[in-house]
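Some notes on the structure that comes next.
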Amino acid sequence: MKRWDDPAPDERVAGDRSWEVVREAYEERIRVPRKRDWRPVAIVAVAAVVVAAAVTPPGHAVLGSLRDAVRGERNASPALVSLPTPHSRLLVNSAAGTWVVQSDGSKRLLRGYHDASWSPHGIYVAAVRGHELRALEPNGAVHWSIGRRGTIRTPRWSFDGFRIAYFAGPTLRVVNGDGTQDRVLTRDVRPGVSAWQPASHALAYVNAGGNIVVRDADRPTHLAVIRTRLAPRQLQWTTNGRLLIAVGSHTIGIFAPRGPQLRRIDTGAATIAASSVSPDGKSVAFIEAGPDQSSLQITGTGAGPTREIFKGAGIFSNVVWSPDGRVLLLDWSSARQWLFIHSVPVKRIAAVSNIRANFGTEPSLVGWCCP
Amino acid sequence: MAGSRGDERAWIRGAQSGSVPDLEALFRHHWPRAYRAAYLVVHDSAAAEDIAQEAFLAAVRGLDRFDRRRPFGPWLHRIVVNRAIDWSRSRALRRELGDAWLGLVAAPASPESEHAQTLAAALAYLSPEHRAVIVMRHLLEYTPGEIAEALGLPRGTVNSRLRRGLDELAGLLEENLQ
């Protein structure tokens, strides 16, 4: 019966990987036997600081100037009554849950969900609720769910809809689009950043060393390891899959599918808050955040100058392209406005105010769907 | 002797009081058989890893309540084998429902292992229920009575599954397993 003692495939490496997970769970268990609620203390402390700032003359001046500076666009619509692109839909995450906004302005709250993203044709939404990843219809009907330990975040559908990549704790996992065959893809990963290459099951992510890895999710094959010092916080492919755009804090790197870097855009001291690749893959829109103002910039993925499209006081949080590539939607969070910026260069801006009143606290744009 | 019953009690006691080295000793001692048992039932290394890992995570969660006078292995193996059976059943069901269009993407077994070539390949022809009792009997070395208790089956069912499964396996493995 000697062969019962033979090791099974991957037994040792699987053991090493699993020990790390088990140790982490064990240390977590030791570290946090009980939780103390610090919220009342924090609220009192913050309130004290705000009151102190407001009642002193310098503090009063600062609060006043901020309020004046970040008032946003004038003549803004008080509510989102429609989207400028017919038959399209927006996905918005908020503290209360995920909102699905139809092109006629009607919207539905998927309460309790977060980290939502569209399936390729906007038929489904992948979203997180507690420790579960769920695939649901925009009307809230759940098709399947899968529970995992650790914080689940940033699910991403492959372009054919047959795979979803997501992070569970420190691991990058992949599950089939119908909820089957959930598996660990890698633990050598910086959680939070991944992007599927169109027309393939190649997934780009950032490994623990900060380099970009492109890997076939169906086979244990590294297609490329692209060495970079960008420390990417966002990865995107052009829709033809021929360029990979990596966005760091101060630099955008444009790479061939398996490297090398073809173009580099540096913003100097300004931080890149967000970026979005146009549907035709020819342009990248990105937000430069300075100390007291932000600007929306656009540049070509191949070559060409970088142009400033819009500038304003305070913080721009996110930018997304409309599915037809004719409109940029800018989240001007400190003005609590969304700006629909039609065509490039600027021809017309339609602003919607009261975003927080419309979507609750911490609204953030996720995606505008679908081609 | 490493891995004796006394060692195991000491590791559990240490782990219950917060010792990472003791927990690691317990993990390293039990991982190979837990993983191997899962693998021989599910025939998918990624799934086996998940199943064995989750069994250990369940152990960590229940560590404070664990009775040190009882052996750790049977408790762990019961979780592993039952989850492996559930996983195999659900996969078989999905195939019946017709997910062939998705393509099977389970991690392929490494070809270098003897398991992949002979024993596991032969076991793959059996049902998950037959695989489970054979693995528990011959890899994990439980008695039919212990298997019956772990899987919640009558002892006669365990015996008949063992007999039928081994007959079939013997034919497949020819001289190796008898």
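Derivation of every value follows stated rules applied to the coordinates shown; laboratory data play no part. Here the structure is a predicted model, which means the values were calculated and not measured. Counting neighbours? That spans all protein chains shown, and the Cβs are built from the backbone with ideal geometry, glycine included.
Table for the structure above
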item: Antiparallel bridge percentage (DSSP; both residues within segment A:217-371; nearest 5); result: 100 percent
item: Cα gyration tensor shape of segment A:133-201, rounded if a/c is under 1.5, else prolate or oblate by comparing a/b with b/c; result: oblate
item: Inter-part distance where segment A:105-134 and segment A:282-336 are each reduced to a Cα centre, Å; result: 25 Å
item: Within segment B:27-67: backbone nitrogen closer than 19 Å to the B:Asp7 label point (7 Å, Cα to C-beta); result: B:27-36
item: Charge context of B:Glu146, other residues only, Cβ under 15 angstrom, K/R +1, D/E -1; result: +4
item: Cα gyration tensor category, rounded, prolate or oblate, for segment A:267-371 with a/c compared to 1.5; result: oblate
item: Segment A:Ala256-A:Arg23, extension gain: residue separation times 0.36 nm, minus the distance between their alpha carbons; result: 80.0 nm
item: Residue-averaged beta-carbon neighbours from other chains (10 angstrom radius) around B:11-24; result: 2
item: Spatial separation of Cα centroids for segment A:188-206 and segment B:14-34, in angstrom; result: 34 Å
